[in-house]
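Engineer: Pasting a structure below so you can have a look.
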Amino acid sequence: MKKEYVYRAFERFWHWTQAALIIFLGVSGFEIHGSLHFFGYENAVHYHNIAAISFLILIAFAIFWHLTTGEWRQYIPTWKNLRAQAEYYIFGIFRNAPHPTKKTVLSKLNPLQKIVYAGLKVLVIPVMVITGLLYMFYRYPQKYEVLSLNIKNLEAIAILHTVGAFLLVAFFIMHLYLITTGQTVTSNLKAMITGYEELEGEPHEKKKYPEVNEPVLSK
Amino acid sequence: MKKIFFALLLLGASIGLVLTALHKNSTESTPLSELRKQYSQKTKPSVDHSLFPQLKKKFTKPQQVTAACISCHNGRTEEVMHSTHWNWERLEYIKGKGIRAIGKRNILNNFCIGIAGSEKSCTRCHVGYGYANTAAYFTDSLNVDCLACHDNSGTYMKANEKAGMPDTSVNLNFVAQHVGKPTRTDCGACHFFGGGGNNVKHGDLEMALFDPSRNVDVHMASDGADMQCVDCHTAQKHQMLGKMYSVSSMNRNRVQCETCHGSMPHTDNVLNDHTLKVACQTCHIPVYAKVNPTKLFWDWSQAGRLKDGKPFEEKDSNGTDVYMSIKGAFVWGKNVKPDYLWFNGTASHYLVGDAIDPSKMVKINTLYGSYDDPDAKIYPVKIHRGKQIYDAQYHYLIQPKLFSDKPGDGGYWGDFNWNRAAEEGMKKINLPYSGKYGFVETEMYWPVNHMISPKEQTVSCTECHTRENGRLANLNGFYLPGRDYNASVELFGKGILLLTLVGIILHGGARIVVRRKRSKMISNSKAETISAKSKGAK
Ligand code: HEM
């Protein structure tokens, strides 16, 4: 066992800010949707708009970070061990079996995480962003001087946005629970706060991130 | 570490930038403070009419007053004679019916139905003296009643049932010496009493506006801007701005809030976005008939009940007429939430002689518009429902003669005989009457435009953006956030949330149970080995 620096500062900042924003967008969004009453409708609309813009900015930085560090490769889905990982959650975890995949600095995500996170990144979040922006900038059919998109009906946009929102909330709840399935109940949480986590096996080499211009993480 | 610091700094800065961008104010509208300044300058008359010798000469006939007026203001009566106030009709293009001259003169409604046969009484509110439906009357400029609108003494009054002649109590010289711009008192004397009583017709125009508080109307408030009708209903050559869709059809000559307030009057851009599809009145008139009730339903079929051969009236506990033998039964409403509909500024009308289907509700006027119509916005309206007389054989609405000045002239209010009233009324409008009548349900739409409330009382977001019983619950064909949702998506969403929670509880519970067992087993086995050891030691 070795203590390793797994989550760098930006990554942790991104993770926690994103978490906060999604919770906030979820609560304000579902108030707009009519499902709950919390901020007051008018506030919910304003907060949702502001949080949405902040989220977009965060996403822009996160994309930049993922590309420049090559970390995006962590999310490439794989079939390998997918079944084993699923079986671990269904059976192994109750028998105190070891995690089927080893968490290392170069491969921090297990196959299930890879597939789910990749799904969020290429499907759910983009759908939320696109429908959200359309929601923000569409106008009803009109002919006066306001420059905007003339979209006949909001319904399709709103429905897609709502589906995505439900998926994100479900993901969020599941995510909270899965945090507790690390080496110990709190080890995952501690790692995302401090950046350091006890990992099995040999310590990783010092240089974890490729230099600019250097081909990224050739496999 | 440095890099992170800069990244954070950049992030913070860009969020700040975006937030300030989101909060930019629109510069388009005139700020309220400017408008207040502008309208607090009350104009003073430039001359004192009480000093003019022409107005000191004793007037014995009202036409002499008009002659005196035009001896200085020459040409003005001709302007009036081109106005709707005088003609009670104007040319309108009506979809499907073409260009027609319509107005009070020939349009039917579901209040007192129409003027034909009752001119003597109805034309008390005509801007002329001794109304007669003849060319000679309409071309004689001395018949124009200048005082009805320009009296500033507050003493001018027209007589009952005298076709627009002034009341005998009026001192014409005194009134003529105290003339000026029309006041709310002048306009209200007719416009607040349409339909035969205070607030009967409009619901948002009534005598409370002679001296309203800010809560009743922010513009006309005596304790506020104290604006007069003509501040918004401006006039060029006696052609007033504004009209009502009970008697007009085209999208023209309207008084618009935007003229003063601009099309983006809010500092909040989300609210400004609403102005594309929601009329100002929709949010800023939360209720109409704020002070006195307005008629919502008028059932003519109940009219004619007599007590000892005499007509009678019944009032409710507030002193409002709920039954009159001459008019039938009424339902009134106070503090009424408007109905809402899509309206593009054009309307259609039931015109005399149009065929009806008596088994269906007849729309006396139709306001056009839909969600898809780029000109349409959501407007508040008062819907007035009625049950009124129609020809059971020819299937059109009947214009009955109501007013009666001598027994046997057919006027319903004297004879209480629908057949005779229909006969006489229809003769007036040159349509045959079959001799068979019935009563048909009718509906009329009155856009609500006055009684703007202080902003604290504005309709709030969730009065429309709400799942159930919102103000716009009946407007369909578009997606309204907070009201609308897709049932399957809702089911799917709630389903996966429920499954997730149940899964977590089962899985987590199992983990806890398994762990407890295991730790017990471990401690048991430990205890066994210890006790075995200690036994062995003995
Ligand atoms: C960049 C991302 C996002 C943008 C630009 C965005 C934008 C918007 C906008 C403009 C609205 C309509 C509000 C209004 O009518 O003023 C909305 C509604 C909503 N948003 Fe978002 N949003 C985003 C992300 C999210 C996320 C992450 C969630 C949930 C976790 C969410 C949940 C909702 C919900 C439930 C609604 C109500 C939909 C309806 O009932 O029609 N949004 N969003």
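The values are calculated or read from the model by the stated rules, or taken from the named source; none is laboratory data. Not measured: the values here are computed from a predicted model. Every residue, glycine among them, receives a Cβ derived from its backbone with ideal geometry; neighbour counts consider all protein chains shown. Note: areas computed on protein heavy atoms with side chains; ligands, DNA, RNA excluded. Shrake-Rupley method; radii C 1.70, N 1.55, O 1.52, S 1.80 Å.
Engineer: When residues of the range A:154-197 are filtered for being in a helix (DSSP H, G or I), hydrophobic (A, V, I, L, M, F, W, C) and within 16 Å of the ligand (Cβ to nearest atom), how many remain?
Structural biologist: Here the count works out to 17.
Engineer: Would you tally the residues in the range B:95-145 being open to solvent by less than 20 Å² (accessible area, probe 1.4 Å), touching a helix residue (DSSP H, G or I) at 6+ places or on another chain (Cβ under 7 Å) and outside any loop (DSSP other than H, G, I, E, B)?
Structural biologist: Qualifying residue count, the range B:95-145: 4.
Engineer: Based on this model, can you work out whether B:N318 counts as modelled with pLDDT under 95 and surrounded by fewer than 14 Cβ atoms within 10 Å (Cβ to Cβ)?
Structural biologist: yes
Engineer: Can you say whether B:A392 is away from chain A (no Cβ under 14 Å) and either among the acidic types (D, E) or over 30 Å from B:P286 (Cβ atoms) (or both), as far as the supplied structure shows?
Structural biologist: Against the criterion (away from chain A (no Cβ under 14 Å) and either among the acidic types (D, E) or over 30 Å from B:P286 (Cβ atoms) (or both)), B:A392 qualifies.
Engineer: Then there's this: Would you be able to say whether some residue in the range B:501-519 is surrounded by fewer than 16 Cβ atoms within 10 Å (Cβ to Cβ), away from every other protein chain (no Cβ under 14 Å) and either among the β-branched types (V, I, T) or under 30 Å from B:V200 (Cα atoms) (or both)?
Structural biologist: Checking the range B:501-519: not a single residue is surrounded by fewer than 16 Cβ atoms within 10 Å (Cβ to Cβ), away from every other protein chain (no Cβ under 14 Å) and either among the β-branched types (V, I, T) or under 30 Å from B:V200 (Cα atoms) (or both).
Engineer: Determine, yes or no, whether B:N524 is over 22 Å from the mean Cα position of the chain (by Cα), more than 9 Å from chain A (Cβ to nearest Cβ) and without any contact (Cβ under 8 Å) to a residue 40 or more places away in the chain.
Structural biologist: It is true that B:N524 is over 22 Å from the mean Cα position of the chain (by Cα), more than 9 Å from chain A (Cβ to nearest Cβ) and without any contact (Cβ under 8 Å) to a residue 40 or more places away in the chain.
Engineer: Look through A:I59, A:I23, A:I76 and report the one residue that is within 10 Å of the ligand (Cβ to nearest atom), open to solvent by 60 Å² or more (accessible area, probe 1.4 Å), within 16 Å of the chain's Cα centre (by Cα) and touching a residue at least 40 places away in the same chain (Cβ under 8 Å).
Structural biologist: Sole residue among the options that is within 10 Å of the ligand (Cβ to nearest atom), open to solvent by 60 Å² or more (accessible area, probe 1.4 Å), within 16 Å of the chain's Cα centre (by Cα) and touching a residue at least 40 places away in the same chain (Cβ under 8 Å): A:I23.
Engineer: Of all residues in the range A:101-140, how many are assigned to a helix (DSSP H, G or I) and either of a type in the set (A, V, I, L, M) or more than 9 Å from the ligand (Cβ to nearest atom) (or both)?
Structural biologist: Looking only at that region, the number is 23.
Engineer: Here is a follow-up. Residue by residue through the range B:161-208, note down the ones that are modelled with pLDDT of 95 or more and acidic (D, E).
Structural biologist: Passing the criteria: B:D167, B:D186, B:D204, B:E206.
Engineer: Tell me yes or no: at least one residue of the range B:259-278 is in a loop (DSSP other than H, G, I, E, B) and at pLDDT 95 or above.
Structural biologist: No, the range B:259-278 contains no residue that is in a loop (DSSP other than H, G, I, E, B) and at pLDDT 95 or above.
Engineer: Considering only residues that are charged (D, E, K, R) and part of a loop (DSSP other than H, G, I, E, B), look in the range B:209-248 and name the one that is farthest from B:L108 (Cα to Cα).
Structural biologist: B:D223
Engineer: For a quick check of your reading of the model, give me the residue pairs whose first member lies in the range B:176-189 and is under 16 Å from B:D48 (Cα atoms), whose second is part of a loop (DSSP other than H, G, I, E, B) and of a type outside the set (G, A, S), with beta-carbon atoms closer than 6 Å and at least 6 apart or on different chains.
Structural biologist: B:H178/B:N152; B:V179/B:N152; B:G180/B:P45; B:G180/B:N152
Engineer: May I pose another question? Go through (1) within 14 Å of another protein chain (Cβ to nearest Cβ); (2) open to solvent by less than 30 Å² (accessible area, probe 1.4 Å) one by one and return the number of the condition B:I496 breaks.
Structural biologist: It fails just one condition, (2).
Engineer: Same structure, new question: I'm checking my understanding of the structure. Among residues of the range A:41-52 that are more than 7 Å from the ligand (Cβ to nearest atom) and more than 8 Å from every other protein chain (Cβ to nearest Cβ), which one is farthest from B:T466 (Cα to Cα)?
Structural biologist: Only one residue fits best here, namely A:A51.
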